[in-house]
Amino acid sequence: MAAAGGDSNGDSDSEEMLLTPAQLIHSLEQAWLNEKFAPELLESKPEIIECVVEQLDHMEANLKRAKKGDLKVSVHHMEIERIRYVLSSYLRCRLVKIEKFFPHILEKEKSRAEGEPSVLSPEEFAFAKEYMANTEAYLKNVALKHMPPNLQKMSLLKSVPKPNLDSFVFLRVLEPQENILVEPETDEQREYAISLEEGSQHLIRYRTVAPLVASGAVQLI
Amino acid sequence: MEPAEVEFLAEKELVTIAAQFSLDRIHLIGGDLGPFNPGLPVEVPVWLAINLKQRQKCRLIPPEWMDVGKLEEIRDQERKEDTFTPMPSPYYMELTKLLLNYASDNIPRADEIRTLVKDTWDTRMAKLRLSADSFVRQQEVHAKVDNLTLMEINTTRTFLTQALDHMYKLRTNLQPGESSHSQDF
């Protein structure tokens, strides 16, 4: 029977073990674009980042041994620069989101169940915690400590905006899905189901397709 | 997303060049290229083709669709239909710009090609504005955007999605402070 695609979980993640380098770069690019367009911070991909860094280091070590001025060497250097750009743009994009939504991300991290994958890499987690501590210390020193005692408390969780999951995103379908329920915009309209055919492109609310982004069934564009 | 980043993605597309040097296969991380022999056609990504062209090490062989006759057909088709017609390449605009900027001497009737692609683009943008308008007016929550290319989506993305977010917020009447500032990305 047709699978209810709307609530499929990201439990197919452990499949990406044996990738060729080309597939690896492709999945880095997919992760980069998804991260760029998703309103919330997506799950971190430590295995992809690790492998890409390894590939780059390996290639650079090889190039050191090659003779200079060779056409081949310059082509390799160009490719390395391109991959490095995607990698750093991806990581930078994640840092921007962490700085923007840090109280909520840390809160989610705190309530995460044992065994459930973290959205943050260990380095990002350290960064988020430090950012939180610094922000709190700064606000305290600059303003709060000069306030009357009853006004010296503030909750970052309440004052920092949450990611807007209702925002619209463009996507391309990688794995076909059926019966995706689309909630109506106004009360007069009715809820209806759509199917996502492979290769088709859509404009829809992020909330509707968030599980599909996580499982890799759709690609944000 | 910056237009330059869309162009960056377009630069991964393959084009054919005729090399003016010989070189064994290159084993890049993203896959193998070559071997290169003088005069023989070989497929390379656009970023490499442009670099080699700038160093006068190759001649570009334009993609099949980059041809006045074919592009005229595409333009006329685009003007005739109400919906978006499929484009010959998902990066037709970016590739036209890149290849004509760096290798116009290898592309016959380059100026006409530039005009034809621009005409097609303009027609599509007009359609895009119309359909965005009706999407907003009818308060739709889902649209199929097949055949739109990334560059086209990108030119309308910020404006359209932010407008929709603002309207949604006004309509659902959220309390200020709750999530009313979550969109100044």
Assigned charges on the beta-carbon of Lys, Arg, Asp, Glu; the stretch B:4-60 dipole about Cα centre (debye): 320 debye
Here are some pairs, A:K36/B:K127; A:K100/A:K158; A:K45/A:K162; which of them have Cα atoms lying more than 19 Å apart in this structure? A:K36/B:K127; A:K45/A:K162
For chain B, longest principal axis from Cα atoms; helix B:92-103 axis from its Cα atoms; angle between them, nearest 10 degrees, is 40 degrees
I'd like the carbon and sulfur percentage of the solvent accessible area for the stretch A:57-210, probe radius 1.4 Å, heavy atoms only, ligands and nucleic acids excluded. 54 percent
Can you tell which of A:I25, A:F127, A:P211 lies farthest toward the positive end of the dipole of chain A, using +1 and -1 charges on the Cβ of basic and acidic side chains (Lys, Arg; Asp, Glu)? A:F127
Can you give me the relative contact order of the stretch A:22-87 as a percent, contacts being Cα pairs under 8 Å and 6 or more apart? 45 percent
Can you tell me the Rg and Dmax of the stretch B:8-93, counting just the alpha carbons, in angstroms? 15.8, 49
Relative contact order for the stretch A:39-158: what is it in percent, counting Cα pairs under 8 Å that are at least 6 residues apart? 35 percent
Tally Lys/Arg at +1 and Asp/Glu at -1 over every other residue whose Cβ is under 11 Å from the Cβ of A:M147; what's the total? +3
How high is the relative contact order of chain A, in percent, with contacts defined as C-alpha pairs under 8 Å that are six or more residues apart? 32 percent
If you count only protein heavy atoms with a 1.4 Å probe, what accessible area per residue comes out for the stretch A:19-141, rounded to a whole Å²? 54 Å²
Starting from the Cα gyration tensor of chain A, take the square roots of the eigenvalues, sort them a ≥ b ≥ c, and report rounded, prolate or oblate (rounded when a/c is under 1.5, otherwise prolate if a/b is larger than b/c, else oblate). oblate
Helix B:68-80 versus the longest principal axis of chain B: what angle, 0 to 90°, nearest 10, using Cα atoms? 10 degrees
Ranked order, B:R129, B:R124 - accessible area, probe 1.4 Å, largest first: B:R129, B:R124
How large is the helix-only mean residue ellipticity at 222 nm for chain A, computed as the sum of -39500 (n - 2.57) over DSSP H runs with n ≥ 4, divided by its residue count, in deg cm²/dmol to the nearest 500? -17500 deg cm²/dmol
Give me the dipole magnitude in Debye, nearest 20, for the stretch A:83-221 about the Cα centre, with unit charges on the beta carbon: positive for Lys and Arg, negative for Asp and Glu. 940 debye
Sequence neighbours fewer than 8 away in the same chain don't count; with that in mind, list the lysines whose C-alpha is under 28 Å from A:K68. B:K12, B:K53, B:K57
Could you tell me the convex hull volume per residue, in Å³, taken over the Cα atoms of the stretch A:71-178? 223 Å³
At a 1.4 Å probe, which residues in the stretch B:21-44 are at least 20 Å² less accessible with all protein chains present than in their chain isolated? B:L23, B:I26, B:H27, B:L28, B:I29, B:G30
Prolate/oblate/rounded call for the stretch B:51-167, Cα gyration tensor, a/c under 1.5 rounded: prolate
How about A:K145: which aspartates and glutamates have a C-alpha closer than 15 Å to its C-alpha, ignoring those fewer than 8 places off in the same chain? A:E136
In square angstrom, what is the accessible area per residue of chain B with a 1.4 angstrom probe? 53 Å²
List the aspartates and glutamates whose Cα sits under 17 Å from the Cα of B:K80, skipping any in the same chain fewer than 8 residues away. B:E72, B:D119, B:D122
In deg cm²/dmol, rounded to the nearest 500, the helical mean residue ellipticity at 222 nm of chain B, built from -39500 (n - 2.57) for every DSSP H run of length 4 or more, is -16500 deg cm²/dmol
Student exercise, the stretch A:29-117 dipole from Lys, Arg, Asp, Glu Cβ charges, in Debye to nearest 20: 480 debye
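The values are calculated or read from the model by the stated rules, or taken from the named source; none is laboratory data. Remember, predicted model here, so these are calculated numbers, not experimental data. So basically every Cβ, Gly included, is an ideal-geometry build from the backbone, and we count neighbours across all protein chains shown. What goes into the accessible areas is simple: the full protein's heavy atoms, side chains included, and nothing from ligands, DNA or RNA. Shrake-Rupley method; radii C 1.70, N 1.55, O 1.52, S 1.80 Å.
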